[in-house]
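Bear in mind these aren't lab numbers, they're just calculated from the coordinates by the rules spelled out. Since the structure is predicted, the reported quantities are computational estimates derived from the model, not experimental observations. Glycine gets a Cβ as well: all are built from the backbone with ideal geometry, and neighbour counts include every protein chain shown.
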Amino acid sequence: MHIVPPTVEIRDTGSGKGRGVFAVRPFNPGEIVETCPVVVLHSPLPENLKCLVFDWAALANRQGSLHALAFGYGSIYNHADHANLRYQAQDILPYPRLLFITVRAINAGEELTINYNALGGAAESTDSHWFEEHGIVKIP
C-alpha cells in the first residue's frame with residue numbers, strides 16, 4: 001500500500017483568527033488543493049451552523065434556500081481578500097462536493113484562504129456582507 005503524504009495541515013495562524021489551513025508543499029495556479037464532500041442542508045439552520053456553511057443554491061445554480069456543510073478542511077479555511085483559493089460546486093448526485101482551487105502560485109507554509117463575501121466562490125470581493133449578516137467583526 002502506498003501512503004500519500006498530506007498536502008495541507010491545520011495549525012495556529014498566530015493571529016486572532018485562531019487555526020487555519022496551511023500548504024505543506026507549493027501549489028501551482030489552477031491546481032485543485034482539495035475536493036470536499038458536502039452535505040446539502042435546507043433552511044432554516046441552527047445559529048451555530050450558519051457560519052460554517054456555503055450557499056449551495058447560489059454555487060450549484062439551484063432554487064431554494066440550500067446550504068452545504070463541507071467535510072475535510074472545507075469549513076476551516078479562513079477569509080482573505082484577496083484569497084489564494086476559489087471554490088466551486090460539483091453538484092453531482094448522489095455525492096455533491098466542493099472543489100478548492102488555487103488562483104495563484106502558493107508557497108509551502110502559506111495559509112490557504114477563501115473569500116467569504118465573493119459571489120460564486122471567487123477569490124476577490126470588496127463587500128463585507130457575510131460578516132455583517134453573521135454579526136462578526138472581521139479580523140484583518
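The helix-based estimate of mean residue ellipticity at 222 nm for the chain, built from -39,500 (n - 2.57) per DSSP H run of four or more residues and divided by its residue count, is -1000 deg cm²/dmol to the nearest 500. Quick one: grab the alpha carbon gyration tensor of the chain, order the square roots of its eigenvalues as a ≥ b ≥ c, and give me rounded if a/c is under 1.5, else prolate or oblate depending on whether a/b is larger than b/c. It comes out oblate by the Cα gyration axes. About the centre of its Cα atoms, region 8-133 shows a dipole size close to 300 debye [charges on the beta carbon of Lys, Arg (+1) and Asp, Glu (-1) only; nearest 20 debye]. Extension gain, GLU124-VAL24: 0.36 nm per intervening residue step, less the Cα-Cα distance, totals 33.6 nm.
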